[in-house]
Amino acid sequence: MRRDTGIILALDETDGLKALRIAESVSDAVDAIKINWPLVLSEGPEMITRLSEISDVICDFKVADIPNTVRLIVEEAVSRGASGVIVHAFTGEDSLKEAVSAAGSADIFAVTEMSHPGGMMFTAQHAEEMAMLGVKCGVAGFIAPATRPERIKAIRAVAGNLKILSPGVGAQGGSASSAISAGADYVIVGRAIYDADYPLSVASAIRDEIKPLL
């Protein structure tokens, strides 16, 4: 995955045609597109392939299951063109290793701590442990919250040179520059871009904000 702008678009649209239009319009201002279940459930898994023709695609399926099920989900996502898949780390070493193995040359990103307030109830209490497990299992990187930059610093201390992707910029109140300054490699931005009248203008403004920090 390239790192030209440090921005990943979280494209949680459910209208396939609109999603494709937005993806095409911001393709030069983002490094990847992250899709979640809303778009896949509304338009089908072929959206992974269609979007992969525009940009790198990260499937944010937050996979949390036994190893065999994890393998099946990751293999299906990658076979359709996903460059990366997001999984939960709390399922343990066997499931996480299976995800990495099934991904092949694609990237596995493990969730350490979620960006919404509820993320502080459980995942935050074990975030560093899950990051250490991810390092052991060979993941490509981690998800750490832009809404709490101090937590990005904590995960960076464990992650070393592995990638950190930080959601929560924009609608959730996180700051792109604060997240990058705290150690994130990429910020994940959704509604602030795809709900805007001019998505490219918003993406470009964020790109310009963090460019000196990359």
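Some points to look at:
- Breaking point among (1) buried (at least 24 other Cβ atoms within 10 Å of the Cβ); (2) among the aliphatic types (A, V, I, L, M); (3) in a helix (DSSP H, G or I), for ALA124: (1)
- Helices (runs of 4 or more DSSP H) within region 145-214 that include 2 or more residues farther than 18 Å from ALA29 by Cα: 149-159, 176-182
- Region 163-204: number of residues that are modelled with pLDDT of 95 or more, more than 16 Å from ASP12 (Cβ to Cβ) and either surrounded by fewer than 16 Cβ atoms within 10 Å (Cβ to Cβ) or in contact with a helix residue (DSSP H, G or I) (Cβ under 7 Å, 6 or more places away or on another chain) (or both): 15
- No other residue among VAL187, VAL158, VAL202, VAL169 is closer than 18 Å to HIS88 by Cβ and of a type outside the set (Ser, Thr, Tyr) apart from VAL158.
- Residues in region 1-30 that are under 20 Å from ILE86 (Cβ atoms), in contact with a Ser or Thr (Cβ under 9 Å, 6 or more places away or on another chain) and of a type in the set (D, E, K, R): GLU13 only.
- Test result for SER83, under 14 Å from the mean Cα position of the chain (by Cα) and either free of Cβ contacts under 8 Å to residues at least 40 places away in the same chain or buried (at least 17 other Cβ atoms within 10 Å of the Cβ) (or both): yes
- Filtered by the rule that a residue be over 13 Å from PRO199 (Cβ atoms) and touching a Lys or Arg at 6+ places or on another chain (Cβ under 8 Å), region 17-31 gives a lone residue, ASP31.
- The set of residues from region 39-54 being farther than 18 Å from PRO167 by Cα and either touching a strand residue (DSSP E or B) at 6+ places or on another chain (Cβ under 9 Å) or surrounded by 15 or more Cβ atoms within 10 Å (Cβ to Cβ) (or both) comprises VAL40, GLU43, PRO45, MET47, ILE48, THR49, ARG50, LEU51, SER52, ILE54.
- Pairs linking a residue in region 55-66 that is surrounded by fewer than 20 Cβ atoms within 10 Å (Cβ to Cβ) to a residue that is modelled with pLDDT of 95 or more and assigned to a strand (DSSP E or B), with Cβ atoms under 7 Å and 6 or more positions apart or on different chains, are LYS62/ILE86; LYS62/VAL87; LYS62/HIS88; LYS62/VAL111; ALA64/HIS88.
The values are calculated or read from the model by the stated rules, or taken from the named source; none is laboratory data. If you're wondering where the values come from, they're calculated on a predicted model, not measured in any experiment. Here the Cβ is made from the backbone with ideal geometry for all residues, glycine too, and neighbour counts use every protein chain on show.
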